[in-house]
Amino acid sequence: MGHPVRQIDADLLIIGGGGAGAKAAIEAHERGVKVVMLVKGFLGRSGCSIFAGNLNWFGPPQDGTTAVQSDEERQRRTMEFLAKYTHYLGDQEYMRRAARFTFDHFYPWLEERGLYILRHDDGSIVIDLPHGTQAWATKMGMSGQVIMDMLRAEIFRRGITVLEETAATSLLTAGGEVVGATALDYRHGEQLVVRAKATILATGHSNYLSLRSTGTREGTGAGWVMALRAGCALQNLEMQWFHASDMAWPRSWMRLHLYPNPQPATAHRTRLYNRDGECFFDGNFLPHNPVPYIMQLKYLVKQVRRGKARFDGGYYTGYRHVEPDVLRKYVYQTQFLEKVGLDPTRDLIENAVTWHMNVGGIRVDGRTMASGIPRLYVAGSVSALVTGGLPNVMYDGHVAALHAADAVRGRALPALDEAVVARDLDRVQRLFRTEPRDGYLPAQVIKQIRTVMWEHMNYVKHEVTMREGLEKLHRIRVEVLPRMRLESLTRRFNYDWMEAVDAEDMLDACELVIRFSLYRRESRGAFFREDYPLTDNIRWLRHVVGRLDGGDLKIETEPVDLPYARPAEGVADFFEVDY
Amino acid sequence: MDGETPAGLQVTDGSAPAPPAVAKVSVFRYAPDVDTEPRYETYEVPYTKGMRVLDVLEAIREDLGHAVAYRWLCGVKKCGMCAMTVNGRPSLTCWEPAEPEMTIEPLGGFRVIRDLVVDRDAHDGKLRALDLVLHRPADRPYPGFPEPLTATEMARAAEMMNCIQCLLCVASCPTVGEKFMGPAALVQVARWAFDPRDGQDRAAYALYAGIGHCADCGDCTTACPAHIPVKEMAIAGLRELCASEGYTGYGPAPEYRCGDEDRRAE
C-alpha cells in the first residue's frame with residue numbers, strides 16, 4: 001500500500017492539548033523529561049478547555065481581596081459544591097486535594113505568569129454577589145480561552161515537541177503495559193508510531209456524541225474507547241450532563257452557553273421563560289447553589305410535560321433584569337446576541353438542550369492518576385474523577401506529570417509488540433479508501449450516529465427507547481460502516497480519514513453510554529430515567545463500572561467512598577433533591 | 001413570577017427580514033497532491049435560522065455529502081481557526097451570517113494546504129520570536145495571589161486579550177510581508193506591553209515585528225471580529241511606547257495609499 005509511517009520516541013507521551021495535557025507538559029518539561037504532545041486540533045485552541053467560562057472562587061462574600069484568610073471555609077464550600085456537581089459520585093478525597101490546589105497553586109501559578117483575574121477599579125476581584133462562588137479571567141465566558149492561550153505560548157517557548165492536527169488512534173500495548181500510541185497526522189496524511197516510557201491520556205470530554213452538543217468534532221469518545229481496548233475500566237458513563245440554556249440557533253452557536261451560574265458583579269442570575277413568557281426558573285430560586293444546571297433541567301422537564309417548552313426549543317433565557325452595565329462589561333455572550341439582532345436588556349433568547357460534559361470516564365487512582373495499566377496515566381475530563389472545571393483538570397495534569405516524571409527516570413524505552421503495532425496501524429489504513437463510490441462520507445455516518453443519540457439518549461430516558469437506540473446503532477455498524485468511504489485519496493488535510501476512524505470510535509462510545517445507562521436503574525443528578533424516576537441512595541449510590549472481559553463488556557457496580565459529604569436522603573423524588 | 005409578559009418572544013422570533021429558502025455557494029476546491037488545478041464547486045444548502053457561513057459548510061459535508069476541507073474548532077469565536085474569504089472579504093465563518101449567494105475561498109495571503117485550509121505555521125513561527133510571555137522585572141517579583149492590580153491598570157491589556165489569532169487582520173493588511181509580521185503580531189506584543197507587570201522592552205519587539213511598515217490604514221480594526229481597536233489602541237499605543245523609549249523608525253509607513261493593492265505582499 002505504501003502508507004508512510006513515522007516513528008517517534010519520547011520519555012513521556014501526552015495525548016491531548018487542553019488544560020490537563022498542557023499543565024502536564026509544562027510540569028514534566030520542568031523536570032527534565034522529554035515530552036511529545038499529540039493534539040487532535042491545536043494546542044490550547046481546541047477541545048473543551050477553551051470553553052471554560054467560570055473559575056471556582058468560593059471566597060468570603062462580597063470581598064474577594066481577603067479571600068486567602070479563610071482557606072478552610074473555601075475548601076469546605078468547594079467540596080460541598082463538587083459533591084453535588086458530581087451527584088455524590090465524585091472521588092471526595094480527590095476533590096479535597098483539587099480544592100486545595102485551586103487556591104494554593106492554580107491561581108498563583110497562573111497569575112505569576114500573567115493571568116488577569118477580573119478586577120474592579122479599586123483592585124478588588126469581581127465576584128458574584130453576595131456569595132462569591134466564581135471569578136473570571138477577563139470576562140465571564142472567556143476564562144479558558146485566555147488561560148489556554150498563555151499555556152500555548154509557554155509550551156512553545158519551552159521548545160516542547162507538539163504535533164498538532166495529529167490524533168492518537170490507539171494506545172499501544174506490549175506485555176500488559178502501555179508503551180505508546182499510534183496516531184494519524186491528518187494534515188500530512190501520515191500515520192505515526194510513538195514509543196514512550198510513559199503516557200498521559202488527556203483527551204477531554206466526549207461531548208460530540210449527540211446531534212446537539214457543546215463539544216466540537218474532536219470530542220468523539222476516542223479517549224474512552226482507546227483506554228477500554230488497552231484494558232482500563234470505565235466508570236459512570238451514563239452520567240451525562242445536559243445544558244438547558246444553550247442557544248437554539250444559529251446551529252454553530254449551540255455551544256454558546258447562557259450561563260445560569262451566578263453572574264459577575266451582580267446578585268441577579270439568568271431566568272428561563274416558557275413558550276408563554278412565564279418565568280419558570282431563576283438561579284436565585286436556589287440561592288446557595290452555585291451551579292444550577294441540574295435544576296434547570298428538572299424544572300424544564302415539567303414545562304415540556306405541560307407542552308410549554310420543547311427540548312429542541314420554544315423556551316428562552318432572559319437577562320432583562322440584569323444590569324445593562326454587567327452585560328456590557330463582563331459577559332462574553334452579549335456581543336453574540338447583538339450580532340443576531342437581539343438586545344439582551346429587552347429580548348428573550350431561544351434555548352434548546354445540548355449534550356455537555358461527562359461526569360464519568362476512565363476509572364483512575366485519584367492520588368496518582370494511574371490507570372491501573374502500567375505506564376499509563378489519565379488526566380482531565382476523560383477520567384471519572386470529577387465532571388470538569390479548569391482548576392480540576394489542571395490539577396490532574398500536574399499530578400500525572402509528577403508521577404510520570406518519576407516513573408520514566410532511569411528507565412529504558414519499552415519494546416513494541418510488532419503484531420499489535422501492525423494491527424493498530426492496519427485498522428486506520430483500511431479506512432483510507434474511496435470504495436464503494438455510492439457509499440457514505442464519514443461525516444454523514446457521524447451525523448447518523450449523533451442523530452440516534454439525540455433521539456434515543458436525550459435528557460429523558462426509558463428502557464424501551466434506549467434499546468431501540470442500541471438496535472439502530474447496531475444497524476449502522478453492520479450496514480453503514482462497511483459502506484463508509486472517502487471522497488478522495490488526497491493526503492493533505494483529509495479530515496474525512498480522521499472522521500472515518502472517529503465514526504468507528506463513536507459507535508463504540510455511544511453503545512457504551514447506552515449499556516451503562518440501561519444498567520443504572522434509578523435517576524440521579526444529570527441522569528433521568530422515566531422508568532426509574534427515584535434517586536435511590538440506598539441501592540444506587542454506587543459506581544457503574546465496565547471493562548472488557550474476554551472481548552465482552554462486563555458491567556458491575558463498585559462502592560462509592562463518602563468520607564466528607566453524603567446526601568441526607570435515602571430514596572427521594574428525583575425532582576425534589578438539588579444534586 | 002414578576003409579571004413578565006411574552007412581548008420579548010415576538011422580537012426573538014423575527015426582527016430580521018425573511019431569509020431566502022436556500023444559500024447558493026461556490027466553494028474553492030483544491031487538493032494539490034491529486035488535483036491538476038483548483039476549481040470552484042457550487043452547492044445549494046437549505047437555509048436554517050440565523051445560519052452562519054460555517055453552518056453552510058457543515059451542511060455541505062453532513063447533508064450533501066461533499067468532502068470540503070476546512071478548519072473549525074469551536075464555532076463560537078474562541079479558536080480563531082475558521083477564518084476564510086467570503087465574497088472577497090476576510091471573514092470568521094462561525095461569526096458572520098450566511099448570505100443568499102456566497103463565494104467561499106481560503107484566507108488570502110497564506111499557502112493553501114487543501115480547499116479552505118491554509119498553512120498558519122509560518123505566522124505562528126514568527127510569533128514565537130516575540131517572547132510572548134510575562135517578564136516581571138527583577139526588582140518587582142510576584143508578590144503572591146492576589147497581587148495588587150486594578151481594572152484601570154489592566155484596561156488596555158485586557159482589550160488585547162480578546163485576540164483569538166484568527167488572522168483576519170493579517171489577511172486584510174496591505175503592508176504585511178517580509179518586513180512586517182502584521183497586525184496580529186502587534187496585538188500580541190501590545191498585550192504584554194500594556195501590562196503594568198511586564199518589564200520587557202516591548203518597543204524593541206514591536207520594531208522587530210515591523211511596526212514601522214504599518215501604514216495606519218485601519219483595515220485591521222475593520223476586519224477584527226473581536227472588536228479590538230487594532231490601529232487605534234494596539235498600534236498607536238506601541239508607537240507611543242517606541243517614542244517614549246527613544247526609538248525611531250516606528251512609522252507609520254508614509255508611502256502607502258489605501259487601495260494600492262499592488263503593494264500587497266504574498
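Just so it is clear, none of the values below were taken in a lab; they were calculated from the coordinates. From a predicted model like this one, the values you see are computed outputs, not experimental measurements. Reconstructed Cβ throughout: ideal geometry from the backbone, glycine too, with neighbour counts over all protein chains shown.
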If you bin every alpha carbon distance in segment A:502-579 into 10 Å steps from zero, what whole percent lands in each bin? 16, 42, 29, 12, 1
Calculate the mean, over all residues of peptide A:151-163, of how many other protein chain Cβ atoms lie within 10 angstrom of the residue's Cβ. 2
Show the residues, 5+ positions off or on another chain, whose built amide H is closer than 5 Å to the amide H of B:V118. B:I113
Hey, in the GNM for chain B with a 10 angstrom Cα cutoff, which one of B:A59, B:A158, B:A122 fluctuates hardest? B:A122
Compactness relative to 2.2 N^0.38 Å, alpha carbon Rg of segment A:418-490: 1.38
Length gained, A:R346-A:E93, 0.36 nm per residue minus C-alpha separation, equals 86.5 nm
Alpha-carbon spread of segment A:341-482, three principal axes, descending order, Å: 59, 52, 37
Based on Cβ point charges of +1 for Lys and Arg and -1 for Asp and Glu, what charge dipole magnitude is obtained for chain A about its Cα centre, in debye rounded to the nearest 20? 700
Given Cβ charges of +1 for Lys and Arg and -1 for Asp and Glu, the option among B:G251, A:S523, A:L110 whose Cα lies farthest towards the positive end of the dipole of the protein assembly as shown is A:S523
Taking R0 as 35 Å and r as the Cβ-Cβ distance between B:Y208 and B:T150, the FRET efficiency 1/(1 + (r/R0)^6), rounded to the nearest 0.05, comes to 0.70
Sort the following peptides by mean Cβ neighbour count (other Cβ atoms within 10 Å, averaged over residues), highest first: A:358-365, B:220-227. A:358-365, B:220-227
For segment A:215-364 (alpha-carbon point model, no solvent) the Debye-based log₁₀ I(q)/I(0) at q = 0.10, 0.11, 0.16, 0.17 Å⁻¹ works out to -0.40, -0.48, -0.89, -0.97
Return the average number of partner chain Cβ atoms within 10 angstrom of each residue Cβ along peptide A:42-50. 4
Averaged over A:311-320, how many beta carbons belonging to a partner chain fall within 10 Å of each residue's beta carbon? 1
List residues of segment A:189-213, by number, whose backbone nitrogen lies under 18 Å from a label position 7 Å along Cα→C-beta of A:A412. A:195-198
What ³J(HN,Hα) values, in whole Hz, does the Karplus curve 6.51 cos²θ - 1.76 cosθ + 1.60 give for segment B:54-62 when θ = phi - 60°, with x put for Gly and Pro? 4, 4, 5, 5, 4, 5, 4, 6, 6
Can you compute 3J(HN,Hα) from phi for each residue in segment A:326-337, using the Karplus curve 6.51 cos²θ - 1.76 cosθ + 1.60 with θ = phi - 60°, rounded to whole Hz and x for Gly and Pro? 5, 4, 6, 8, 10, 10, 4, 5, 3, 4, 5, 4
How far apart, in nm, are two points set 7 Å out from the Cα along the Cα-to-Cβ line at A:R229 and at A:T161? 2.3
How large is the Kirkwood hydrodynamic radius of segment A:365-444, counting all unique pairs of alpha carbons, in Å? 16.1
Of the convex hull drawn through the C-alpha atoms of segment A:73-232, the volume per residue in Å³ is 188
Rounded, prolate or oblate: which fits chain B, taking a ≥ b ≥ c as square roots of the Cα gyration tensor eigenvalues, rounded meaning a/c under 1.5, else prolate when a/b beats b/c? oblate
Inter-part distance where segment A:180-218 and segment A:219-254 are each reduced to a Cα centre, Å: 14
Loop-located trypsin sites (Lys or Arg not before Pro) in segment A:395-451 whose Cβ has at most 13 other Cβ within 10 Å (DSSP): A:R409, A:R411, A:R430, A:R437
At 4 °C and a viscosity of 1.567 mPa s, what translational diffusion coefficient does Stokes-Einstein give for segment A:430-579, taking Rh as the Kirkwood radius over Cα pairs? Give it in µm²/s as a whole number. 73
Considering only DSSP beta bridges where both residues belong to chain A, give the percentage that are antiparallel (nearest 5). 65
How big is the dipole moment of chain B about its Cα centre under a simple scheme where the beta carbon of each Lys and Arg is +1, that of each Asp and Glu is -1, and everything else is neutral? Debye, nearest 20, please. 420
From the C-alpha gyration tensor of segment A:439-526, square roots of 5λ in Å: 29, 12, 9
Please work out, to two decimal places, the log10 of the ratio I(q)/I(0) at q = 0.16 Å⁻¹ from a Debye calculation in which every Cα of segment A:1-135 carries one identical scatterer. -0.99
Would you grab the residues whose amide H sits under 5 Å from the one on A:R6? Only those 5+ places off in sequence or on another chain, please, with H modelled 1.01 Å from N. A:Q191, A:L192, A:V193
What distance in nm separates the simple spin-label points at B:E101 and B:A21, each placed 7 Å from Cα in the Cβ direction? 1.8
Fraction in percent of alpha-carbon pairs per bin - 10 Å, segment B:124-213: 16, 45, 28, 9, 1
Set A:K472/B:K49; A:K84/A:K339; A:K298/B:K78; A:K34/B:K179; A:K197/A:K447; A:K308/A:K472 screened for pairs whose C-alpha atoms are more than 32 Å apart: A:K84/A:K339; A:K34/B:K179; A:K197/A:K447
Square roots of 5 times each gyration tensor eigenvalue, C-alpha, segment B:164-245, largest first, Å: 19, 14, 11
Ordering B:145-153, B:232-240 by per-residue average of other C-beta atoms within 10 angstrom, highest first, gives B:232-240, B:145-153
Mean projection of the alpha-carbon convex hull of segment A:296-385 over all orientations, in nm²? 9.4
Going through the DSSP H helices of chain A, which span 15 Å or more along their own axis at the Cα atoms while scoring at least 0.0 as a mean Kyte-Doolittle hydropathy? A:143-157, A:293-305, A:390-408, A:495-519
Rounded to 0.05, the calculated FRET efficiency for the beta carbons of B:A122 and A:D312 at R₀ = 56 Å is 0.80
Note to self: C-alpha centroids of segment A:503-579 and segment A:379-420 sit apart, in Å, by 26
Seen from all sides and averaged, what is the projected area of the convex hull of the Cα atoms in segment A:314-359, in nm²? 4.3
Values of log10 I(q)/I(0), in the order q = 0.14, 0.15, 0.21 Å⁻¹, for segment A:169-246 under a Debye, Cα-only, solvent-free model: -0.57, -0.65, -1.04
Quick check: Cα centre of segment A:461-497 to Cα centre of segment B:100-135, how many Å? 32
So who's got an amide H within less than 5 Å of the one on A:F281, skipping anything under 5 residues away but keeping other chains? H placed 1.01 Å off N, in plane. A:L272
Stretch gain in nm, segment A:E455-A:W109, where the contour uses 0.36 nm per residue and the Cα spacing is subtracted: 120.2 nm
Could you tell me which of rounded, prolate or oblate describes segment A:186-227, using a ≥ b ≥ c as the square roots of the eigenvalues of the alpha-carbon gyration tensor, with rounded for a/c under 1.5 and, failing that, prolate when a/b is larger than b/c and oblate otherwise? oblate
A:R433 to A:E530: FRET efficiency via 1/(1 + (r/R0)^6), r the Cβ-Cβ distance, R0 41 Å, to the nearest 0.05? 0.45
Need one word for the protein assembly as shown: rounded, prolate or oblate. Basis is the Cα gyration tensor (sqrt eigenvalues a ≥ b ≥ c); a/c below 1.5 gives rounded, then a/b vs b/c decides. rounded
Given A:V501, A:N54, A:L12, which one lies farthest toward the positive end of the charge dipole of chain A, if we put +1 on the Cβ of every Lys and Arg and -1 on the Cβ of every Asp and Glu? A:V501
